[in-house]
Amino acid sequence: MMKEIASRYLEAGPDSYRDKNSFQRWIVGQFIALPYTVEFVDHDPYPSLEVMRAEAQSTNRLLITTRHNESIFDPFVNLCFRAVHDADHIAFGQSFAIHGERGACRAIMNRCGDQNGQAVLFSEIYAQACVRHVTGRFAPQKLVLFSPSSRERALGL
């Protein structure tokens, strides 16, 4: 299933996302509710979930890289999205490996009641992680729409 998702992501042209502002507001709301002070840095701060979790728990601070901040969203919103996503890795004990990305994606999708938002989350988190796992590289960010049944099957929902 992972190879199928990666192939579909790589082959698809980007779909337009008409209600980007609503999703961006939701992400910023999630960001504001984080239990950490977020600092943006120009390096990759954590080699593993364990290091990120230990620092976040001991300092109440979460470092988020500003590197490679190309996105379909406003740059600041994308950084907020990264922070929310990393906080989910910590909260749910999900590593940066593909199974951890799957779990972190499931966690945030469960909080998002909007089908369009869930489609974005799946594309931005799990589909991109599948590409990275299959090809060894990050794909350019784009919105690729997968059917709700494909998303549910991939994430075991």
Asserting the computed 222 nm helical MRE of the chain (DSSP H runs at least 4 long, -39500 (n - 2.57) per run, divided by residue count, to nearest 500) equals -17000 deg cm²/dmol
Is the shape of region 48-136 rounded, prolate or oblate, going by the alpha carbon gyration tensor and its root eigenvalues a ≥ b ≥ c, with a/c under 1.5 for rounded and a/b larger than b/c for prolate?
-> rounded
Distance in nm between Met1 and Ala54 label points, each 7 Å along Cα→Cβ, equals 3.4 nm
Find how much the distance from Phe40 to Arg137 grows on full extension, using 0.36 nm per residue of separation minus their present alpha carbon separation; answer in nm with one decimal.
-> 32.6 nm
Treating the beta-carbon of each Lys and Arg as +1 and of each Asp and Glu as -1, no other charges, what is the dipole magnitude of the chain about its Cα centre, to the nearest 20 debye?
-> 300 debye
Separation of alpha-carbon centers, region 60-87 and region 1-59, rounded to whole Å = 6 Å
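Using the per-residue mean of other Cβ atoms lying within 10 Å as a proxy for protection, in what order, highest first, do the peptides 127-133, 76-82 fall?
Working: 127-133: 22.3, 76-82: 20.1.
Averaged packing, sorted descending, gives the order 127-133, 76-82.
Just want to confirm a number: the relative contact order over the chain, from Cα pairs under 8 angstrom separated by 6+ residues, in percent. Walk me through the numbers on the way to the answer.
On the way: 189 pairs, mean separation 45.5, N = 157.
Reported as a whole number, the value is 29 percent.
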Classified through the alpha carbon gyration tensor (a ≥ b ≥ c as square roots of its eigenvalues; rounded if a/c is under 1.5, else prolate when a/b is larger than b/c, else oblate), region 2-155 comes out prolate
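Every read-out reported here was derived from the displayed coordinates using simple, explicitly stated rules and does not represent laboratory data. Just so it is clear, the structure is predicted and the values come from calculations on it, not from any experiment. We place every Cβ from the backbone using ideal geometry, glycine too, and count neighbours over all the protein chains shown.
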